[in-house]
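The values are calculated or read from the model by the stated rules, or taken from the named source; none is laboratory data. Because the structure is a prediction, the values reported are computed rather than measured. Because the Cβ atoms are built from the backbone with ideal geometry, glycine has one as well, and the counts that use them run over all protein chains shown. The area values use the complete protein model at the heavy-atom level, side chains included, leaving out ligands, DNA and RNA. Shrake-Rupley method; radii C 1.70, N 1.55, O 1.52, S 1.80 Å.
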Amino acid sequence: MPGRRPAMSQTRGDYQHAPEEPWIFRTYAGHSTAKKSNELYRLNLSKGQTGLSIAFDLPTQTAYDADHILSKGEVGKVGVPVKHLGDMRFLFDQLPLEQMNTSMTINAPAAWMLALYVALADERGESRKKLRGTTQNDIVKEYLSRGTYVFPPEPSLRLIGDMVSWCYVEVPKWNPMNVCSYHLQEAGATPEQELAYALATAIAVLDTVKAGGQVPESDFETVFGRISFFVNAGVRFVTELCKMRAFVDLWEEIGRERYGVTDPKALLFRYGVQVNSLGLTEPQPENNVYRILIEALAVTLSKKARCRALQLPAWNEAMGLPRPWDQQWSLRLQQILAYETDLLEFEDIFDGSHVIDAKTEELKQKARLTLAKIDALGGAKDAIGFMKESLVGAHIERIRAIESGAMTVVGVNRYTETEESPLGSGDGAIMTVDPAEEAAQVRDLKAWRAARDSMAAEAALSALRAAAAENRNIMEPSIACAKAGVTTGEWGTVLREVFGEFRAPTGVALVISSDGGEDIETVKAEVARVSKALGRTLTYVLGKPGLDGHSNGAEQIAARGRAVGMEVVYEGIRFTPAEIAAQAKQANAHVVGLSILSGSHLDLVRETISELRAAGLGDVPVVVGGIIPPEDALALKQMGIARVYTPKDFKITEIMGDVTKLVEKAWLVKG
């Protein structure tokens, strides 16, 4: 945390008292390698950032090593690969852990990443008791929105319970769990859904801790006080501000009424924020700066519900990986808010507002009703299917509102005329990861395994397996594994063997009825006509190759495809290109669609095309959707991809119409 703002040299009549400390300034960052990410962290800290927010790559997030088949094309793309203790050493080189406030966006392998962090502190002689930070560790929202889950719900909650029970004694300043509603809003959640689903997740974790028997009843209040939250703030300023105030009130209500917590400090709703990325636009991306500022105000203006840490996306994240300058721009926004304005000098400026109070109460009441429904279903663990379908449905309504113009998105469906922007033109407009980095990571992994004491690693893994199977706390065996040189994938493999793996519901298992809009009926008639000519229903196999778990777009395509009468095969996330080719062959697909948002589109598309050809499906047209720069779109078309759709193609029914024409051309009007 920075020191207090120095006294101003000039006299200001309205400067009446010293401001409070600002929130923690963060940027979400990590890429390519641990060494390069460390350089970026030290650069950002030198510019006034006060906390770290670690982005891990997808193999790390899903507990795979860099040489696993599913890791191909994904290593170092959306974050930093951390394969073993050696990577953790590089990642925090010259960064004193006792002085850092480190947030790790890690979920299924959260116990492992914390084990590596603690092992590094032990190795350096730094005190565990002084380590400060957060592991996100919210697995329920991974099933619902983000997709980096590994194990089934019950053992996943058990792992979180182990961490909560261990951390409050061993690393008492660490937040072992950050209930993360951020990705719920990204998946289309309404404010009341975001409130209810996040609070239901916190309740599920606390109930798991209670049932686990590792925490004495006398210490439960302390455990309750270590649960933190990570929320989203969208552009609807008043609603978002009221949502934060509702979170504050409802969390205290749950603490007092459900768990008997009385300590005011323990009852505080402690939360960090990344403001909305869902609303960032590819068209006219310079407008995103204003959106980010308005969203930041929603979580800083109200002192009663002010965030404890804030990280802001860069203006160009809808197009690709931001450069250091782009991240600096977002950091400067925070610093201007905290140090130039008088924001921190006053009590809550919204207290007593009948408008704010009324909206806050409305949101609280809606959230209570949803919480009651989740409780009736058996709690968050048993209500995953219900919550997932509800999220997909809410997102369908949001997309239809944008398509129809009922919801204005400037630069997308209104005020679309624009001058060319000088901000993002030319080479280097976004960061890219050198494709050679993946091979280097695989070489490093093999060298690490060859150099370690293999007997010590095997012994540590055996002890981990026994602890998992015998329902003993997983943390100390995981730390022992870290010190013995065990890799992320090896840790994950052992727990997969004990706990099994899980495939979450897609939320689109049933055809979701539309309101019968004219555009849908028109495309539906076209699908029926083409299907009749084909002799069977137009069949669209939709796949997500690799480890990208952001399935919102794929779910919307699947739902709309079914709404217009297509036979859509969509099995969810995390398939190999060979598995997608097999799905296409079994379904006798007329068209294959690939959804990839991790930046790995070139590698994964190339591999999928190869597998389709090997399966005798070389004539099946392939379409691709994702965050794809123009030069990559050209490369994909040169590979033979029939269509490339990016966020600017927001009218999903038009995409379905385009796919129908493509199928007709491919199968019915061949020369």
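Below are the figures for this structure:
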{"item": "Unique residue being open to solvent by less than 10 Å² (accessible area, probe 1.4 Å), more than 30 Å from HIS354 (Cβ to Cβ), touching a residue at least 40 places away in the same chain (Cβ under 8 Å) and touching a Lys or Arg at 6+ places or on another chain (Cβ under 8 Å) when the list is PRO176, PRO172", "result": "PRO176"}
{"item": "Residues satisfying the stated conditions in segment 1-57, i.e. of a type in the set (Lys, Arg) and modelled with pLDDT under 85", "result": "ARG4, ARG5, ARG12"}
{"item": "Subset tally (residues that are surrounded by fewer than 20 Cβ atoms within 10 Å (Cβ to Cβ), farther than 16 Å from LEU85 by Cβ and under 29 Å from the mean Cα position of the chain (by Cα)) for segment 472-484", "result": "1"}
{"item": "Test: residue in segment 198-208 that is under 30 Å from LEU597 (Cα atoms), at pLDDT below 95, touching a strand residue (DSSP E or B) at 6+ places or on another chain (Cβ under 9 Å) and small (Gly, Ala, Ser)", "result": "no"}
{"item": "Out of LYS141, LYS129, LYS83, LYS77, sole residue that is crowded, with 24+ Cβ neighbours inside 10 Å and assigned to a helix (DSSP H, G or I)", "result": "LYS141"}
{"item": "Condition check for LEU377: in contact with a helix residue (DSSP H, G or I) (Cβ under 8 Å, 6 or more places away or on another chain) and either charged (D, E, K, R) or touching a residue at least 40 places away in the same chain (Cβ under 8 Å) (or both)", "result": "no"}
{"item": "Pairs, first touching a residue at least 24 places away in the same chain (Cβ under 8 Å) in segment 246-266, second assigned to a loop (DSSP other than H, G, I, E, B) and surrounded by 12 or more Cβ atoms within 10 Å (Cβ to Cβ), C-beta under 6 Å, six or more apart", "result": "PHE247/PHE269; VAL248/PHE269; TRP251/PHE269; GLY255/VAL261; GLY255/LEU267; VAL261/LEU267"}
{"item": "Condition broken by TYR64, with the remaining ones in (1) within 20 Å of the chain's Cα centre (by Cα); (2) modelled with pLDDT under 95 satisfied", "result": "(2)"}
{"item": "Among the residues listed as ASN101, ASN107, the single one being open to solvent by 10 Å² or more (accessible area, probe 1.4 Å) and closer than 26 Å to LEU312 by Cβ", "result": "ASN101"}
{"item": "Criterion violated by ILE69 - all others in (1) open to solvent by 10 Å² or more (accessible area, probe 1.4 Å); (2) closer than 17 Å to LEU445 by Cβ; (3) in contact with a Phe, Trp or Tyr (Cβ under 9 Å, 6 or more places away or on another chain); (4) at pLDDT below 95 satisfied", "result": "(3)"}
{"item": "Restricting segment 428-447 to residues that are touching a strand residue (DSSP E or B) at 6+ places or on another chain (Cβ under 8 Å) and assigned to a loop (DSSP other than H, G, I, E, B), the residue that is farthest from LEU114 (Cα to Cα)", "result": "ILE430"}
{"item": "Enumeration of residues in segment 19-62 that are in a helix (DSSP H, G or I) and among the aromatic types (Phe, Trp, Tyr)", "result": "TYR41"}
{"item": "Residue under evaluation GLY593, criteria (1) closer than 23 Å to LYS665 by Cβ; (2) without any contact (Cβ under 8 Å) to a residue 24 or more places away in the chain; (3) not polar (S, T, N, Q), criterion not met", "result": "(2)"}
{"item": "Segment 144-166 - residue that is at negative phi and part of a loop (DSSP other than H, G, I, E, B) and, of those, most open to solvent (accessible area, probe 1.4 Å)", "result": "PRO152"}
{"item": "Whichever residue in segment 311-328 is among the polar types (S, T, N, Q) and either in contact with a helix residue (DSSP H, G or I) (Cβ under 7 Å, 6 or more places away or on another chain) or part of a loop (DSSP other than H, G, I, E, B) (or both) and, among such residues, is least open to solvent (accessible area, probe 1.4 Å)", "result": "ASN316"}
{"item": "Verdict on GLN556 being surrounded by 20 or more Cβ atoms within 10 Å (Cβ to Cβ) and either out of contact with any Leu (no Cβ under 8 Å at 6 or more places or on another chain) or under 28 Å from LEU280 (Cα atoms) (or both)", "result": "yes"}
{"item": "Condition check for ALA451: open to solvent by 20 Å² or more (accessible area, probe 1.4 Å) and over 20 Å from ARG574 (Cβ atoms)", "result": "yes"}
{"item": "Residues located in segment 579-596, provided they are touching a helix residue (DSSP H, G or I) at 6+ places or on another chain (Cβ under 9 Å) and farther than 11 Å from VAL624 by Cβ", "result": "GLU579, ILE580, ALA581, ALA582, ALA584, LYS585, ALA589, HIS590, VAL591"}
{"item": "Tabulated pairs, segment 420-445, first farther than 24 Å from LEU58 by Cα, second among the charged types (D, E, K, R) and at pLDDT 70 or above, C-beta under 8 angstrom, 6+ apart or interchain", "result": "SER421/GLU286; LEU423/GLU286"}
{"item": "Count of residues meeting criterion [open to solvent by 40 Å² or more (accessible area, probe 1.4 Å), in contact with a Lys or Arg (Cβ under 8 Å, 6 or more places away or on another chain) and free of Cβ contacts under 8 Å to residues at least 40 places away in the same chain] in segment 605-624", "result": "1"}
{"item": "Counted residues, segment 54-82 - those being of a type outside the set (A, V, I, L, M, F, W, C), more than 15 Å from MET104 (Cβ to Cβ) and in contact with a Ser or Thr (Cβ under 7 Å, 6 or more places away or on another chain)", "result": "7"}
{"item": "Members of segment 625-662 that are open to solvent by less than 60 Å² (accessible area, probe 1.4 Å), farther than 21 Å from VAL78 by Cβ and in a helix (DSSP H, G or I)", "result": "MET639, ILE652, THR653, ILE655, MET656, GLY657, ASP658, VAL659, THR660, LEU662"}
{"item": "Among (1) hydrophobic (A, V, I, L, M, F, W, C); (2) open to solvent by less than 50 Å² (accessible area, probe 1.4 Å); (3) modelled with pLDDT of 95 or more, the one test that ILE596 misses", "result": "(3)"}
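Rundown of residues vs (1) at positive phi; (2) within 26 Å of the chain's Cα centre (by Cα), yes/no style:
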residue: THR341; (1), (2): no, no
residue: PHE350; (1), (2): no, no
residue: LYS366; (1), (2): no, yes
residue: ALA380; (1), (2): no, yes
residue: SER390; (1), (2): no, yes
residue: GLY405; (1), (2): yes, no
residue: PRO422; (1), (2): no, no
